[in-house]
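Okay, structure first, notes after.
The values are calculated or read from the model by the stated rules, or taken from the named source; none is laboratory data. These numbers were taken from a predicted model, which means no experiment stands behind them. Note: ideal-geometry Cβ built from the backbone for every residue, glycine included; neighbour counts use all protein chains shown. Ligands, DNA and RNA are stripped out before the accessible areas are found, and what is left, the full protein with its side chains, is counted by its heavy atoms. Shrake-Rupley method; radii C 1.70, N 1.55, O 1.52, S 1.80 Å.
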Amino acid sequence: MTGQNKGLDASATPPKQPAPSETASQSETSHRIAVRSLKSDPMGVFQLGHDGVMRSFDGTYERNVIDAVGLSPAQIKSFLDHFPVPWSQETEDMYRGVDGRDVVGEEALFHPPDYLRPPKYTEEDKVRLKREVDEKNQEIRERIEQEERDGVDVAAKYACGRVVSNYDLGPKKEI
């Protein structure tokens, strides 16, 4: 997922900032509304590209784009903050200053370069990944059962939508 060309088209100048009336709560949920608005394939995947565009891909080997929406910087931050992966400086730097609304045109949205697409899986990959997912799910089930025995409130701990990171996508501060 590297590459210099982000597929941006500077011919359009959409508004850069959310409306002043947009509250933090609206900003946090707006990425979810945008993602839910995308058409999807039950066997497909969603991916936020380095260009700030959330794309829905089909489940075929070719990973064709079914639908796409450019996310605002606030939506990108909200998505990253809620994504269940630990914070990383690399990710923060990758999305700093990115505005997916700048990506316009069918070619840029629906025919992105390979580095903005999820990997294409072979049948062997699918079997291996299914086995890995099954093993990971078993580990998670066992950990949750142990936490419940230890008195942990697992419903609160694993609640959907809780903020797990706090990315700072503003201009990089000079030290």
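Which entries of LYS120/LYS172; LYS39/LYS172; LYS39/LYS130 have Cα-Cα distances beyond 26 Å here?
LYS120/LYS172; LYS39/LYS172
Can you give me the relative contact order of the range 54-168 as a percent, contacts being Cα pairs under 8 Å and 6 or more apart?
Contact order relative to length: 38 percent.
At 7 Å along Cα-to-Cβ for each site, give me the label-to-label distance between GLU90 and ARG32 in nm.
Going by the 7 Å Cα→Cβ label model, 2.9 nm.
Leaving out ligands, DNA and RNA, what percent of the accessible area of the range 22-175 is carbon and sulfur, probe 1.4 Å?
Result for the range 22-175: 56 percent of the exposed heavy-atom area is carbon or sulfur.
Once you have the Cα-Cα distance between TYR121 and ARG143, take 0.36 nm times their residue separation minus that, and quote the gain in nm to one decimal.
Gain on extension, TYR121 to ARG143, equals 5.0 nm.
Determine Rg/Rh for the range 106-175; Rg is computed over alpha-carbon atoms and Rh is the Kirkwood hydrodynamic estimate from the same atoms.
1.16
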